[in-house]
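Peer 1: Pasting a structure below so you can have a look.
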Amino acid sequence: MREVILTTKQLTKKYSNVCAVDNVNMELKRGEIYGLVGKNGAGKTTFLRMITSQTFESEGEITLFGLTAKENLNEQRRRIGAIIEMPSFYPYLTAEQNLEYYRLQRGIPGKKCVKEVLQEVGLSDTGKKKFKTFSLGMKQRLGLALALMNKPELLLLDEPTNGLDPFGIVELRNLLIKLSVEKNITILISSHILTELSNLATYYGFIDKGRMLRQLSAEELAKECNKYMELKVDKVEEMVVLLETKLGCTSYKVTPEKDIQLYEYLDQPSKISQLAVTNGIALNSITVKDINLESYFIQLVGGVSNA
Amino acid sequence: MLNYLKSEVYRILHNKSSYIFILVCSFLLVISNVVLFLLKMNEATFPYASTSFSLGNLCSSYAYVFLICIMVSGFIFANEHNNHTFKNSVSYGISRGIIYFGKLIVQMVYAMIAFVLIIGAHVASAYLLLEHTDPEIMDLLLHSCFAVLPLFLFVIAVANCFYFIVESTGGAVGASVGIILALPITCGFLGMKFDIIKKISDVLPWNLLGAIQLNFDDFSVHLFWVKNGYMNYWIAGLAQILIFVILGYGFFAKKEIK
């Protein structure tokens with residue numbers, strides 16, 4: 001069983017009357033890439049800011065590498081690399097000087113790690129260019145370089161693709177996969193764009209209005225987003241029995257609207273319609289549907305107007 | 001703490017402003033001596049081109065240093081709120097205490113080094129360019145510096161406190177000026193009416209600075225307290241530094257980092 005490295009129990013953040021994060025329970029296991037998905041203002045950043053001590057929890061508890069706040073949680077934060085909101089550095093220093101400043105501050109031995117990490121994120125040729133003249137993409141890369149400099153076991157990334165061009169996004173995704181596979185770095189990454197995480201995350205958490213709506217693995221999500229056949233029939237119970245007994249179907253769901261969502265026989269709709277007709281069941285409609293990730297998310301948060 | 005101090009020193013050494021400030025202040029003071037020198041060259045009987053006049057003038061100008069300390073604190077603080085750079089330190093588990101006290105120590109050390117260098121440049125240029133008169137003036141300078149040093153450090157502590165608490169630089173400067181200048185002046189007026197306020201007003205650093213009298217006849221320094229004056233200036237300065245350090249840290253320890 002994989003080690004749990006981050007746990008939150010009923011983590012809550014209140015700002016006067018507003019609950020930015022509401023009783024969030026989550027577990028992050030070593031090696032996972034956890035995608036935290038939510039629209040803007042859902043509470044993703046506040047959640048990450050509590051983990052990194054930028055803000056304090058109103059209620060609840062954070063356990064990091066097995067230790068809570070009472071047991072020197074701050075010390076455990078040295079095993080984390082984080083980019084929360086926009087990467088921020090001293091504007092009058094170069095990329096190398098900024099990283100050297102934090103290397104000294106963090107007591108990381110050996111100057112060469114600065115050059116190595118700049119090389120890793122593709123910023124080794126910025127020379128004397130000051131941070132204030134960097135493009136948004138370069139700033140994101142420097143933020144990532146800082147997060148990686150201490151060879152973290154856990155990487156917290158808050159919307160890291162903001163400002164990156166499509167090539168940059170692909171590069172970042174590949175880099176994160178590489179870090180996860182080769183260095184076994186656990187990653188908690190937030191985004192308001194679910195598809196951005198679709199080829200990356202191994203586990204998902206959906207957050208809205210501060211509440212964690214759903215947590216599921218990538219396999220479970222793929223299953224829920226699979227294609228299915230929607231059957232509208234007059235005798236739902238009888239149809240279900242027929243599907244099970246005559247066709248051996250086990251993968252189906254009956255919705256509250258009394259529609260049957262069948263995840264099998266998708267390429268043989270005629271077989272299903274024949275089964276219904278020969279057994280005296282009126283088949284009102286038969287449609288093959290699929291849910292894409294966006295639709296799944298929109299459904300989860302309660303419709304387009306809310307998403 | 002040591003690592004934090006090292007990183008701050010690295011940052012200050014790589015910031016041009018750190019050098020520009022010392023160079024500009026030194027340049028202005030040296031220029032004042034050059035002007036005296038040129039006037040003497042122009043008119044042989046010019047009476048003020050002397051070390052005693054130049055250094056005496058310097059001793060009478062500590063009030064400017066008092067206000068410049070707010071600026072020094074500000075540029076060493078490095079606009080951390082607007083740059084959003086605190087979050088990189090806090091996220092890594094560096095405590096708010098280390099950040100607060102680290103910044104304070106660095107500001108005080110930088111201010112003292114800058115003070116020594118600037119005063120040193122002034123003294124050196126005075127002795128190079130001007131007529132050497134009344135060697136006792138150096139004693140006066142050193143004694144008065146010793147008396148005002150805790151008061152300057154108090155200004156740094158107050159400014160540091162407000163730079164941490166107030167996110168806008170203008171707001172922090174305004175609050176600092178309020179405590180450093182407006183409060184003692186107001187207390188001074190109220191002290192004319194209420195005795196208790198007068199007692200408080202007397203020991204406020206701005207008023208302690210104003211109470212320093214330099215006697216250029218016997219080159220002696222007269223402080224607010226006749227007996228144990230220097231020690232009492234340090235005690236008053238350090239006690240008030242402590243108040244603002246505790247206040248600033250208390251607020252910062254609970255402050256959200258953006």
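So that you can scan it fast, the table gives a plain yes or no per residue for (1) more than 24 Å from A:V170 (Cα to Cα); (2) of a type in the set (F, W, Y); (3) assigned to a helix (DSSP H, G or I); (4) touching a residue at least 12 places away in the same chain (Cβ under 8 Å):
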| position | (1), (2), (3), (4) |
| --- | --- |
| A:Y90 | yes, yes, no, yes |
| A:L104 | yes, no, yes, no |
| A:V117 | no, no, yes, yes |
| A:D125 | no, no, no, no |
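Peer 1: Tell me which residues, restricted to the range B:225-258, are within 14 Å of chain A (Cβ to nearest Cβ) and of a type outside the set (A, V, I, L, M).
Peer 2: Scanning the range B:225-258 gives B:F251, B:F252, B:K254, B:K255, B:E256, B:K258.
Peer 1: Any idea which of (1) within 14 Å of another protein chain (Cβ to nearest Cβ); (2) of a type outside the set (A, V, I, L, M); (3) more than 22 Å from A:R214 (Cβ to Cβ); (4) touching a residue at least 12 places away in the same chain (Cβ under 8 Å) is the one A:N72 doesn't satisfy?
Peer 2: Result: A:N72 passes all but (4).
Peer 1: A:L28 - would you say it is at pLDDT 90 or above and either more than 9 Å from chain B (Cβ to nearest Cβ) or in a loop (DSSP other than H, G, I, E, B) (or both)?
Peer 2: yes
Peer 1: For the range A:212-232, check the following and say yes or no: at least one residue is closer than 30 Å to A:G60 by Cβ, in contact (Cβ under 8 Å) with a residue 40 or more places away in the chain and out of contact with any helix residue (DSSP H, G or I) (no Cβ under 8 Å at 6 or more places or on another chain).
Peer 2: Among the residues of the range A:212-232, at least one is closer than 30 Å to A:G60 by Cβ, in contact (Cβ under 8 Å) with a residue 40 or more places away in the chain and out of contact with any helix residue (DSSP H, G or I) (no Cβ under 8 Å at 6 or more places or on another chain), which makes the answer yes.
Peer 1: Another one. Scan the range A:130-150 for residues that are outside any helix (DSSP H, G or I) and modelled with pLDDT under 90 and jot them down.
Peer 2: Result: A:F134, A:S135, A:N150.
Peer 1: Looking at the range A:159-189, which of the residues that are closer than 18 Å to A:F297 by Cβ and modelled with pLDDT under 90 is surrounded by the most Cβ atoms within 10 Å (Cβ to Cβ)?
Peer 2: Looking at residues that are closer than 18 Å to A:F297 by Cβ and modelled with pLDDT under 90, I get A:E159.
Residues checked against (1) over 20 Å from B:N160 (Cβ atoms); (2) modelled with pLDDT of 90 or more; (3) within 14 Å of chain A (Cβ to nearest Cβ); (4) out of contact with any strand residue (DSSP E or B) (no Cβ under 9 Å at 6 or more places or on another chain):
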| site | (1), (2), (3), (4) |
| --- | --- |
| B:L5 | no, yes, yes, yes |
| B:I12 | no, yes, yes, yes |
| B:S17 | no, no, yes, yes |
| B:S26 | yes, yes, no, yes |
| B:K40 | yes, no, no, no |
| B:Y48 | yes, no, no, yes |
| B:S60 | yes, no, no, no |
| B:F75 | no, no, yes, yes |
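Peer 1: Go through the range A:190-277 and tell me which helices (runs of 4 or more DSSP H), entirely inside it, have 2 or more residues that are of a type in the set (F, W, Y) and surrounded by fewer than 17 Cβ atoms within 10 Å (Cβ to Cβ).
Peer 2: Answer list for the range A:190-277: none.
Peer 1: Right, next: Filter the range A:86-136 down to the residues that are away from every other protein chain (no Cβ under 12 Å), touching a Ser or Thr at 6+ places or on another chain (Cβ under 9 Å) and among the hydrophobic types (A, V, I, L, M, F, W, C) and list them by number.
Peer 2: Those that are away from every other protein chain (no Cβ under 12 Å), touching a Ser or Thr at 6+ places or on another chain (Cβ under 9 Å) and among the hydrophobic types (A, V, I, L, M, F, W, C): A:A95, A:L118, A:F134.
Peer 1: For the range B:202-224, what are the residues that are closer than 15 Å to B:L149 by Cβ and in a loop (DSSP other than H, G, I, E, B)?
Peer 2: B:I212, B:L223
Peer 1: Mind counting the residues in the range B:201-258 that are more than 25 Å from B:S176 (Cα to Cα) and of a type in the set (D, E)?
Peer 2: Residues flagged as more than 25 Å from B:S176 (Cα to Cα) and of a type in the set (D, E) within the range B:201-258 amount to 2.
Peer 1: Looking at the range B:78-92 only, could you name the residues that are facing chain A (nearest Cβ under 8 Å), assigned to a helix (DSSP H, G or I) and surrounded by fewer than 20 Cβ atoms within 10 Å (Cβ to Cβ)?
Peer 2: B:N83
Peer 1: Would you be able to tell me the number of residues in the range A:146-177 that are farther than 15 Å from A:Y34 by Cα and in contact with a Phe, Trp or Tyr (Cβ under 8 Å, 6 or more places away or on another chain)?
Peer 2: Number of matching residues: 3.
The values are calculated or read from the model by the stated rules, or taken from the named source; none is laboratory data. The shown structure was predicted, so the numbers you read here are calculated from the model rather than taken from an experiment. Every residue, glycine among them, receives a Cβ derived from its backbone with ideal geometry; neighbour counts consider all protein chains shown.
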